[in-house]
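Presented below is the structure to which this report refers.
The values are calculated or read from the model by the stated rules, or taken from the named source; none is laboratory data. Note that this is a predicted model, so its numbers are computed, not measured. Cβ placement follows ideal geometry from the backbone for every residue including glycine, while neighbour counts extend to all protein chains displayed.
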Amino acid sequence: MESRFRVLFLITLVIMLSGCAATKNLFGIGDDEAPPPTSEPPGQVIDPEVERREIKEPAIDREDFEVGAFVGIMNIEDFGSDTVYGIRFAYHVTEGFFVEGTIGQSEASLTSFEVLSGGARLFDDRTVTYYNLNLGYNVLPGEVFIGEGRAYNTNFYLIAGLGSTNFADDDRFTVNFGAGFRFLMTDSVAFHVDFRDHLFDIDILGREKTAHNLEGTIGVTVFF
Amino acid sequence: MRNGWILEPSTTIIPLTSRLSAFSWSACLLALALLAISPGQAEAADDVLRKVAVADPYLEMHTGPGRGYPIFHVVDRGDSIEIIMQRTDWYQVRAADGTEGWVDQAQMELTLKPDGSEVDFARATLDDFTNAKWEAGILAGDFGGANIISLYGGYSLNPHVSVEVWGSQILGNFSNGWMGSVNVVHETWPDWRFSPFFTLGAGVIHTSPKSTIIQGEDRTDQVGHVGAGLRIYATRRFLLRAEYKSYVVFTSRDENEEVEEWKVGFAFFF
């Protein structure tokens, strides 16, 4: 019954909108108004000399995107620590804010129970994969000095976001947060040190709990 | 059903394919994003640099592209500089003596082209919020009691009407899934800073029960939705977005399923 009302509502909405569109040009299709009458002769509208200069100018190279890879150690709560590796992609919206997407993969080791019992495994597929969509903020921009004549730009950033972790045959809603240090070796190549905590709910060991999965990585990224 | 979204009793047991979903999907998305962006880079790799002349009494060069980096060099009025690259609102420039440093947008706006005309260093404004062609964003929220994470891209046909493509992952206590949809968005007042919109769309939803649930099967159904929301211009290219959508899942059973969704997130336009 309720869905019949929804269909009715949809039909009414479509009719109303198309009616509005016909009278008020609500969809903006076609010209809003008739073009203003041109009083000048058509020959003087365009100045060819200025136009040609515009075209010759090279476009400014924008380098707001950052792409790279990372490797490190990830601890899966109750399942030991193992190597983690992944890729990272970021877009710098302002000098402070950036959005980042990461994809990573690690392995879950055996729990103490699995080791001591000597056989019975809780589950077979031990691969852990995750993706995250994050918002970061460069909270402490700065410079570091190596020796007397070299200065490098750096950023200490805070980052948090949402994503999904595939672990023990299920996709798990994951919240992650952490901090990182970006060291710009040149203006376009950066070295990263990152620490994150990935939180998800898990009930594989009997009762449901929130697992903290700590991750420490180093990585290299390129701006383009 | 506390946090269930869909808990469907059934006797069939079908092996789960969720392993494939998260990793390979996101890898594909990333690869696509890279492909889409790389052609622009080739064009930018031009040896000829854009030259401008300083029109202000002096131009300050900073050691880095951001607030707080110290000024280490100044270029006098009338001298010319070359622009190496731009990062957010900062420009890396090279002075005639070869010194390289970063100049902020406000100072670059006070430079002149070789022919003496003003340079247009366009900074995104509310006007671009209304008229920008492309938009992409990330939203998260609640989908009938489950968590949902969504990624979308949109193209504006005109300031009022745009078309969007959405990809979502749904993570519940009892079942997981993904959803892909296409929708049309209508903004009645696109020039407002708080711009309300209405949306209509259709798509496909895939559901699979969690491995700890013994009963249940994978399902793929069609969905239709109506919704409304608000786009809020924040700053530069940033906007905030909040929306409500009401979904009808066209199941093969006797009754269609109805799901309500609330989401908030951010997006940027270009």
Residue in the stretch A:79-116 that is farthest from the chain's Cα centre (by Cα), counting only those that are modelled with pLDDT under 90, under 30 Å from residue B:234 (Cα atoms) and β-branched (Val, Ile, Thr): A:94
Residue within the stretch A:153-173 that is within 18 Å of residue A:95 (Cβ to Cβ), touching a Ser or Thr at 6+ places or on another chain (Cβ under 6 Å) and either in a strand (DSSP E or B) or within 12 Å of chain B (Cβ to nearest Cβ) (or both) present: no
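Would you be able to tell me the number of residues in the stretch A:120-150 that are within 11 Å of chain B (Cβ to nearest Cβ), outside any strand (DSSP E or B) and surrounded by 12 or more Cβ atoms within 10 Å (Cβ to Cβ)?
Looking only at the stretch A:120-150, we keep the residues that are within 11 Å of chain B (Cβ to nearest Cβ), and these are A:123, A:125, A:127-135, A:138, A:140-143.
Keeping just the survivors that are outside any strand (DSSP E or B) gives A:123, A:125.
Adding the requirement that they be surrounded by 12 or more Cβ atoms within 10 Å (Cβ to Cβ) leaves A:123.
The total comes to 1.
What residue, of A:84, A:99, is at the interface with chain B (Cβ under 10 Å from one of its Cβ atoms), assigned to a strand (DSSP E or B) and surrounded by 16 or more Cβ atoms within 10 Å (Cβ to Cβ)? Give the derivation first.
Working: A:84 fails: at the interface with chain B (Cβ under 10 Å from one of its Cβ atoms).
Just one listed residue meets the conditions, A:99.
Evaluate the stretch B:163-170: report whether one residue or more is surrounded by fewer than 17 Cβ atoms within 10 Å (Cβ to Cβ), more than 22 Å from residue A:131 (Cβ to Cβ) and at pLDDT 95 or above. Give the derivation first.
Taking the stretch B:163-170 first, the residues surrounded by fewer than 17 Cβ atoms within 10 Å (Cβ to Cβ) are B:163, B:165.
Pick out the ones that are also more than 22 Å from residue A:131 (Cβ to Cβ) and you get B:163.
Within this subset, residues satisfying the condition of being at pLDDT 95 or above are B:163.
Yes, because at least one residue in the stretch B:163-170 is surrounded by fewer than 17 Cβ atoms within 10 Å (Cβ to Cβ), more than 22 Å from residue A:131 (Cβ to Cβ) and at pLDDT 95 or above.
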Scope the stretch B:103-155; condition over 29 Å from residue B:240 (Cβ atoms), free of Cβ contacts under 8 Å to residues at least 60 places away in the same chain and surrounded by 14 or more Cβ atoms within 10 Å (Cβ to Cβ); matching residues: B:103, B:107, B:110, B:111
Test: residue in the stretch B:75-85 that is within 30 Å of the chain's Cα centre (by Cα) and not β-branched (Val, Ile, Thr): yes
The one condition in (1) farther than 19 Å from residue B:130 by Cβ; (2) of a type outside the set (Val, Ile, Thr); (3) free of Cβ contacts under 8 Å to residues at least 60 places away in the same chain that residue B:238 fails to fulfil: (1)
Per-region count, the stretch A:174-188, residues within 13 Å of chain B (Cβ to nearest Cβ) and in contact with a strand residue (DSSP E or B) (Cβ under 7 Å, 6 or more places away or on another chain): 8
Residue ID - surrounded by the fewest Cβ atoms within 10 Å (Cβ to Cβ), chosen from residues in the stretch B:175-203 that are away from chain A (no Cβ under 11 Å) and closer than 18 Å to residue B:147 by Cβ: B:180
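Would you confirm whether or not the stretch B:213-223 contains a residue that is more than 30 Å from residue A:201 (Cα to Cα) and away from every other protein chain (no Cβ under 12 Å)?
Quick first cut of the stretch B:213-223, residues more than 30 Å from residue A:201 (Cα to Cα) only: none.
Looking through the stretch B:213-223, none of the residues is more than 30 Å from residue A:201 (Cα to Cα) and away from every other protein chain (no Cβ under 12 Å).
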Looking only at the stretch A:189-222, and only at residues there that are out of contact with any Lys or Arg (no Cβ under 7 Å at 6 or more places or on another chain), hydrophobic (A, V, I, L, M, F, W, C) and within 14 Å of chain B (Cβ to nearest Cβ), the one that is surrounded by the most Cβ atoms within 10 Å (Cβ to Cβ): A:204
Any hit, the stretch B:218-228, residues being assigned to a loop (DSSP other than H, G, I, E, B), more than 29 Å from the chain's Cα centre (by Cα), more than 30 Å from residue A:99 (Cα to Cα) and assigned by TED's automatic domain parsing to the domain that holds residue B:143: yes
